[in-house]
Amino acid sequence: MSKLVEEFNDYRTRMNEVILSKNNLVMKRLWNLDTNTYEEGALDKKTKEMLGLVASMVLRCDDCIKYHLGKSYELGVTTEQMYEIFAVANIVGGTIVIPHTRRAAEYWEELQTNAQ
């Protein structure tokens, strides 16, 4: 696994454990709601992750972008599909999204490298 991907996953896991260990009911409910939102429903998981990625790019949340890139990769999103997702996010969000697209492309390349 690349250093970039490993560092993100390790940090996210570690800090989620810290947050959830405080036993705050609202935070636990929020985490549960997030998990359930991306479960199979009228939309499949892959579509929901792609929607989450576009929203994250438009909102300019790099951690969220990395998370949804990883999930999209796991669910079989292709590079061609990914660049269409990037295009939608940039049209919706405007040119302010371009720096996030660069970082997203870098992370996507790292995910691809891990598979080889």
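The values are calculated or read from the model by the stated rules, or taken from the named source; none is laboratory data. Keep in mind that this is a model prediction, so the values were computed, not measured. In this analysis, Cβ positions are derived from the backbone assuming ideal geometry, glycine residues included, and neighbour counts consider all displayed protein chains.
Of all residues assigned to the stretch 20-27, at least one qualifies as being touching a helix residue (DSSP H, G or I) at 6+ places or on another chain (Cβ under 7 Å), over 24 Å from Ser2 (Cβ atoms) and loosely packed, with under 14 Cβ neighbours inside 10 Å. Only one residue in Glu17, Glu40 is part of a helix (DSSP H, G or I), exposed (fewer than 14 other Cβ atoms within 10 Å of the Cβ) and at pLDDT 95 or above. Which one? Within the list Glu17, Glu40, the selection yields Glu17.
So, Glu49, is that one closer than 24 Å to Val88 by Cα and exposed (fewer than 11 other Cβ atoms within 10 Å of the Cβ) or not? When the stated conditions are applied, Glu49 does not pass them. Every test in (1) assigned to a helix (DSSP H, G or I); (2) in contact (Cβ under 8 Å) with a residue 12 or more places away in the chain is passed by Met1 save one, and that test is (1).
Which residue is surrounded by the most Cβ atoms within 10 Å (Cβ to Cβ), if the candidates are limited to the stretch 68-116 and must be under 14 Å from Ala55 (Cα atoms) and among the hydroxyl-bearing types (Ser, Thr, Tyr)? So, considering only residues that are under 14 Å from Ala55 (Cα atoms) and among the hydroxyl-bearing types (Ser, Thr, Tyr), the one surrounded by the most Cβ atoms within 10 Å (Cβ to Cβ) is Ser72. Only residues that are part of a helix (DSSP H, G or I) and either more than 17 Å from Met1 (Cα to Cα) or aliphatic (A, V, I, L, M) (or both) were counted in the stretch 71-112, giving 27.
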